[in-house]
Every structure is written in structure tokens, then in C-alpha cells.
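Below is one structure, written out as C-alpha cells; comments come after it.
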Protein chains: 2
Amino acid sequence: MSPARRHDHYAQGVRAKVLIRPKDGILDPQGKAVEGALPALGFDGVSHVRVGRLVELDTDDPDRLEELCEKLLANPLIEDYEIEVSK
Amino acid sequence: MSPARRHDHYAQGVRAKVLIRPKDGILDPQGKAVEGALPALGFDGVSHVRVGRLVELDTDDPDRLEELCEKLLANPLIEDYEIEVSK
């Protein structure tokens, strides 16, 4: 593989950001824990806290990101995911 | 409190999204676990996986979001955070 070819290959790579959230209606214990801790820390007026995951990765094949989410990153039964691709 | 007053109060609220990531150079076991699982699932060309947290909440006081992150949502010693406010 020539250096030029290698550079082309590298140029296909993208940085992807996957936001994973508990589905509406699914209990979110981490979110409830945050809400429970707020008053003692003096924070008022904060509500509807939901805690999810943020996964960032480099991939050469952005077309397979949805499959990657379904199979590994998220649990589609209880979580929604959103894929953002940059570069 | 009149309905109009209540509506004004509600209108101050914003939905905030906080992205929390392990700092560069900090070990990320969840990211390594994802990377380790990829070959067996047939995913090639995925690298630099980092797993963080996504926190979404409603707040009446967006000026205190940074303090909220420092005190409760993130561990500033090992994590970076990014605040996005919408509405």
C-alpha cells in the first residue's frame, strides 16, 4: 500500500459521537439519585434529570454505526440512541 | 401566584445537556471493554473508543450549571464536561 493510498484510507475515518438515553418511561435510577442529591447541595429548580451515556469513537465505516449501537453500545429495549458524525 | 406569573417563571427554564468525558490520558475501562468486544462482533476499523456520561436536565438557573457539574455531575479531577443549553 503506497503512502498516498494509506492517506486516502485514513481520510475515510470519521469521529462519531453516540448519545444514549434511557427511553421515556423507563426508570432511571442515576437520574433519580442526582435529583435526590440536589437539595442538600443547595440547587433548586432542577428537574427531569436523565442520565445516559456518551460514546465517542473513530470509525472507518460510519454506515455500520447503527448496527454497532444495536449490538453493543446500547440496549435498544430500554435505551434510545442518537448518532452524530463529524469530519 | 397568577397563571401569567407562573408561565413567566416556567419560561425561564432551559433544557441543558451535559457531556462528561474521561480526560485525555485517564484510563477508560469502559472504552477498552468496547474495543475488546468489537472483533468478535465483526467490527473492524473502530478505535479510540471513549465512554462518558450524558446528563440532561431542566433548570431555572443555567448560570449555576457549571457549579452543578463541578460539585455533583462530574469529577473534575478525571473528567471534562461540556454544557449545552437549549430553548
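The values are calculated or read from the model by the stated rules, or taken from the named source; none is laboratory data. Note that the structure is a prediction, hence the values are computed from the model and not measured. FYI the Cβ positions are ideal-geometry reconstructions off the backbone, even for glycines, and counts take in every protein chain you see. Note: accessible area is taken over every heavy atom of the protein model, side chains too, but ligands, DNA and RNA are not part of it. Shrake-Rupley method; radii C 1.70, N 1.55, O 1.52, S 1.80 Å.
Rounded to the nearest 20 debye, the dipole size of chain A about its Cα centre is 240 debye, using +1 on the Cβ of Lys and Arg and -1 on the Cβ of Asp and Glu. Taking 14 Å as the cut-off, the amide N atoms of region A:43-87 that come nearer than this to a point 7 Å along the Cα-to-beta-carbon line of A:Q12 belong to A:59-65.
Per residue, the accessible area of region A:12-86 comes to 52 Å² when a 1.4 Å probe rolls over the protein heavy atoms.
Find the relative contact order for region B:14-86 and round it to a whole percent, using C-alpha pairs within less than 8 Å whose residues are 6+ positions apart. Intermediate values should be presented prior to the final figure.
Details: 93 pairs, mean separation 40.4, N = 73.
Result for region B:14-86 is 55 percent.
When the Cα positions of A:P22, A:T59, B:Q12 are compared along the charge dipole of the protein assembly as shown, A:P22 comes out farthest toward the positive end, with charges on each C-beta of Lys, Arg, Asp and Glu. Here each label is just a point 7 Å from Cα along the line to Cβ, and for B:E70 and B:A33 those points are 3.1 nm apart.
Amide H to amide H, with H built 1.01 Å from N, A:K23 comes under 5 Å of A:E79, A:D80, counting only residues 5 or more places away or on other chains. Considering the rotation that superimposes chain B on chain A, the residue of B whose beta-carbon lies nearest the axis, and that distance in Å, is B:L54, 2.
What average count of beta carbons from other chains do you get within 10 Å of the Cβ of residues in A:27-33?
1
For chain B, please report how many Lys pairs fall under 23 Å Cα to Cα, leaving out neighbours fewer than 8 apart on the same chain. Don't skip to the answer; put the middle values down first.
Values: B:K17/B:K71; B:K17/B:K87; B:K23/B:K32; B:K23/B:K71.
Close lysine pairs under the 23 Å cut-off: 4.
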